[in-house]
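The values are calculated or read from the model by the stated rules, or taken from the named source; none is laboratory data. From a predicted model like this one, the values you see are computed outputs, not experimental measurements. Positions of Cβ are backbone-derived with ideal geometry, glycine not excepted, and every protein chain shown enters the neighbour counts. Heads up: the accessible areas ignore ligands, DNA and RNA and are worked out on the full protein's heavy atoms, side chains in. Shrake-Rupley method; radii C 1.70, N 1.55, O 1.52, S 1.80 Å.
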Amino acid sequence: MVDMYIATIPNRNSPPAILLRESYRENGKVKNRTLANLSKLPPQSIEALRRSLKGENLFSSDSFEIIEDGSPAHGHVDAVMTAMRRLDFSKLICSRRSPQRDLVVAMVAARILEPKSKLATTLWWADTTLPEMLDVNDASEDDLYDAMDWLLERQSSIENKLADRHLKNDALALYDLTSSYFEGQTCPLAALGHNRDGKKGKLQVNYGLLTNRKGIPVSVSIFEGNTGDPKTLMPQVEKVRDEFGIKQFVMVGDRGMLTQKQVDALHDIDGIDWIGALRPEAIKKLATGGAIQMGLFDERNLFELKHPDFPGERLIACRNVELAHRRSAKRESLLQATVKELNKVRDMVQRGRLNGKKEIEVRVRNILKKYRIGKHFELDIREDGFYCKVNEEVLIAEVTAKGNPAQIEKRLEKSRHHIQSIEKQLANLTQKVDRGRLHGQDEIGLRIGKVINKYKVGKHFEFDIRDNDFSFEINKDKVKKEAALDGIYIVRSSLSEERMDADETVRSYKLLSQAERAFRSFKTVDLMVRPIRHRLEDRVRAHIFLCMLAYYVQWHMMEAWRPLLYADEDQKGKALRDPVAPAKRSGSAMKKVKTKRLDDGSRVFSFRGLLSHLSAIVRATCRCPDERDTSATFMMTTRRNPKQQRAFDLLQTIGA
C-alpha cells in the first residue's frame, strides 16, 4: 500500500522545506521517499494539495471567487455541440477545418439555440461559450455573410453526403413545397404567389424539402415565389438520380404535387416509382361514374380499385369516418356563417330606407308645411324616392305684387333663406331614403361575391339578385352529394402489390407529415426562417440551406430526447396502426401531456424548454482572492443536475 503526504522539515536559519512524500512497505518494513519539493508553492496551493491528499474537496466557496461577467451560459451550447460531434457535423460541412467552417457550425448552432438576424446573432452569442468553443470571438456580421457565401458553394457536396448517409436505393423519398414571406421588394426570387403564411400582398420565396422516410432532411431547393408546386417535382427526381446516384427509389408527393402531367413523365423513367393522391375533382368523377362502390366501406375503411382513366396504377380508396364527421360539421358551420353574412348584406340593401310613396309623401309635406312658400314647390313622389323643385316664377310674382321696393327686397331675401332651409331638409330626407343602400344588380352581386369567397361555399347557394333586393337559398341536393364523399380520399401509386401492399402504401403516403413537421419547425419559434430579410438571391438560398442544416441537427436531438419531451416514445406502434384512422398518441404520451410529469415525477419539457433548462449550466471564470497575482484565473463548469445529466446521456445515443 502506498500513501502520499506533505512533510514540513525544519531548516535552521531558512524557511522549512515542504516535501511531497510517500510511504511504502518493502520486505515488511515501512519506508519513505521524497517525490517533490513544494517549498516554492504558495501556502494556499500547499494547503489545497494537503486537503486533497486527505480526500477532502479541493475547493471550497472560501478558496476562490467568480469574477464579474465571467459566467457565460454553457449547457445548451454544450448540448448542441455534443449532438454535432455525434453526427460528425463539422466534417459533413467540410473535411478540413477553416474559419468559414467554424462560422457555419456556429451559425447552425445559434439558429437552433436562439434564431436571430446575423447581426443580432453576433451580439447574442457573446453571452455564451459558443464563440469560445469554435474560436469565433472576433467574428463580425460581414464575416457571417462571407461564410454563408462559402457554404452555398458547398451545398451540392453537403447534400451528397447527406444522401449517402440517409437515402438508400429502392427506398422512399418524401418531397413537399412551402413558402416564406419577404421583408423588402428587391430580391429576384421574391414574387407574389400562393401564400401559405397568411400574409396577403407579401412577396415570398418557395422552397422544397426532400427527406427520407423518417423525415431526416437531405436536400432543399429554392424557387421563385410564383412557381407552382408541380413544376418543382421533376428537378428533385433528376437530383436524386443524377447527383445522388440513386437509380431506383419511390417518390412520395401530395395531390397538388403529383399531377397527371408529372405522373405521365415519371412513367417514362425506369426505376422510379411514386405514391400520390387524386384531386377532389377526379374523386367526384369516379364516384359519379359508379367506380367507387360506397357499400364496400361498410366492411373496411380501404379497398383497391382500377379504372381505365388511370392505366397501370393502383388506386386505394380510403374513408376516414372521423374526418367525415369533422368535414360535415365544418361545412355546416361555414354555410351558417355565410348565411349570416348574406343577411347582413340584405340588411344593407334595405337599412334606413323610406319605402313606399305614401310614407315618403308624408315626410316631404311635413317639411314644406313649416314655411308659407312650401306651396310653391312642385313634387314628384315615387315608391323608391322623390323629386322637388321650387316654382320661382310664381313665387317672385307673389312677393312683388304689393309693397314698396325695400319691403319687396326684404321679402325676397327671406324667401331665398327659406328655400335654402327647405332644400337642406329635403336633402337630409333623400339621404334617409338612400342611406346604406346597395342598389343595382352589379353592385349587390359584387358584395355577395365577397361574402361567398370568404368561406368558399358559394357553390352550395342559389341567388336571385334584383336591382333593389336579392334572395338566396342553400341547394341541399348539392350539399348532400358532396357530403357523400366526406372523409374519402384515394391514394394512387405505380408500385405493384408485391412490392408494397395497400396498407403500407397508405402509410407511406401519410409519411408526408414528416415534411410538414419540418416546415412547422422551420417557420415557428424553433428556427424562424421567416421573415426573410436578405436582398441578394444567393444569400436567401444560403439562409434557407442554413435553416435546413439546423433542422438536421435538431431532428436528431429531438429523437434522442423523446423520453424527456412531450413526444410519443412508441414509434414502433405507428408501423402497426390502422393506416386510415386518424393518428393518435399512445397512452404514455397522453399521460405526459395530461400530468406534465414523467414516470419519475419530474417535469416534462418542450424542446426549447429543455434547452433553456440546460442553459443554467455556466462556465465560470474564477480566481483565488488571496493570490498576489490577481490576473491568474481558471475555468470551472457548474455541475449538471440529474435531469441535465440525463439529457446529455441521451445525446450519446445519436448515431449509435
Picking from Asp170, Asp142, the residue that is over 29 Å from the mean Cα position of the chain (by Cα) and either open to solvent by less than 10 Å² (accessible area, probe 1.4 Å) or at pLDDT below 95 (or both) would be Asp170
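Listed here are the residues, each with its yes/no results for (1) of a type outside the set (Phe, Trp, Tyr); (2) more than 16 Å from the chain's Cα centre (by Cα); (3) open to solvent by 20 Å² or more (accessible area, probe 1.4 Å).
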| site | (1), (2), (3) |
| --- | --- |
| Asp501 | yes, yes, yes |
| Ser508 | yes, yes, no |
| Ser521 | yes, no, no |
| Met528 | yes, no, yes |
| Ile532 | yes, no, no |
| Cys547 | yes, no, no |
| Met558 | yes, yes, yes |
Of (1) among the aliphatic types (A, V, I, L, M); (2) closer than 30 Å to Thr129 by Cβ; (3) at pLDDT 80 or above, Ile18 fails just (2)
For the range 212-235, the count of residues that are touching a residue at least 60 places away in the same chain (Cβ under 8 Å) and over 23 Å from Tyr181 (Cα atoms) equals 4
For this session: Check the range 193-210 and report whether any residue there is surrounded by 15 or more Cβ atoms within 10 Å (Cβ to Cβ) and of a type in the set (Ser, Thr, Tyr).
Result: yes
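This table checks each residue for (1) open to solvent by 10 Å² or more (accessible area, probe 1.4 Å); (2) among the charged types (D, E, K, R); (3) assigned to a helix (DSSP H, G or I).
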residue: Glu516; (1), (2), (3): yes, yes, yes
residue: Ala542; (1), (2), (3): no, no, yes
residue: Trp555; (1), (2), (3): yes, no, yes
residue: Pro563; (1), (2), (3): yes, no, yes
residue: Glu569; (1), (2), (3): yes, yes, no
residue: Val580; (1), (2), (3): no, no, no
residue: Ala583; (1), (2), (3): yes, no, no
residue: Ala589; (1), (2), (3): no, no, yes
Quick check, is Val250 touching a residue at least 60 places away in the same chain (Cβ under 8 Å) and under 26 Å from the mean Cα position of the chain (by Cα)?
no
Pairing a residue in the range 299-325 that is open to solvent by 80 Å² or more (accessible area, probe 1.4 Å) with any residue that is in a strand (DSSP E or B), where Cβ atoms lie under 7 Å and the two sit 6 or more apart in sequence or on different chains, gives Lys306/Leu315
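Residue by residue, here is whether (1) part of a loop (DSSP other than H, G, I, E, B); (2) buried (at least 20 other Cβ atoms within 10 Å of the Cβ) holds:
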| residue | (1), (2) |
| --- | --- |
| Ala79 | no, yes |
| Lys91 | no, no |
| Arg97 | yes, no |
| Leu103 | no, yes |
Checked against (1) outside any loop (DSSP other than H, G, I, E, B); (2) open to solvent by 10 Å² or more (accessible area, probe 1.4 Å); (3) in contact (Cβ under 8 Å) with a residue 60 or more places away in the chain; (4) over 30 Å from Gln155 (Cα atoms), Lys478 satisfies every condition except (3)
Please work out if Lys261 is open to solvent by 80 Å² or more (accessible area, probe 1.4 Å) and either touching a helix residue (DSSP H, G or I) at 6+ places or on another chain (Cβ under 8 Å) or among the aliphatic types (A, V, I, L, M) (or both). yes
